[in-house]
Structure formats: structure tokens, C-alpha cells
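The values are calculated or read from the model by the stated rules, or taken from the named source; none is laboratory data. None of the values given here were measured: they were computed from a predicted structure. Cβ: placed from backbone, ideal geometry, glycine included. Neighbour counts: every protein chain shown.
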């Protein structure tokens, strides 16, 4: 069975489900609000300083708190999402 690592991706941030590669996401914002359909804005923060590409962001629509992955030097106030066990597939 294929794993995200075989594509050069983090196993903490991506899952293989059947024949599909799914991006994982946090199930709660940094302040504890649930994230899901209609409660999260999923985005990409462009950056050439850190990665040369961009950072995935998840912003809570209730409190405006934001997770980022990987960490960004230009946005130190946004905590890095570690990709722990509390994940769901992106809505």
C-alpha cells in the first residue's frame, strides 16, 4: 500500500484512503473551536522567505485564530499545526 512518504509528503499531514491522497487538517482551532464545513477558511500563505513556495493555513471563522503548516518566519504569531492525531479530511 502506498504511503504519503512515497510521494515526499508528511505522514502527519496527509493520508492515503483507498486510491486517493487526502490532506489532513486540524479538527479544532488553536483556541479550541471545532473546525469543519462552514467553520474554517482553508488557504495558502505565499512565502519565498521560508519554503520558497507557500504555507497551508486554517483560519477559524468564529475567533479568527489561524493554524499554519509548515511554520512561517514572517507569521510567528500563527502557531504551526503539528499534524497530530486530531485530524479529519479537508471539507
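Of note:
- Taking first residues from region 34-54 that are more than 14 Å from residue 23 (Cβ to Cβ) and partners that are at pLDDT 95 or above and part of a loop (DSSP other than H, G, I, E, B), the Cβ contacts under 6 Å between residues at least 6 apart in sequence or on separate chains come to 39/61.
- Count of residues meeting criterion [exposed (fewer than 11 other Cβ atoms within 10 Å of the Cβ) and within 27 Å of residue 74 (Cβ to Cβ)] in region 8-59: 9
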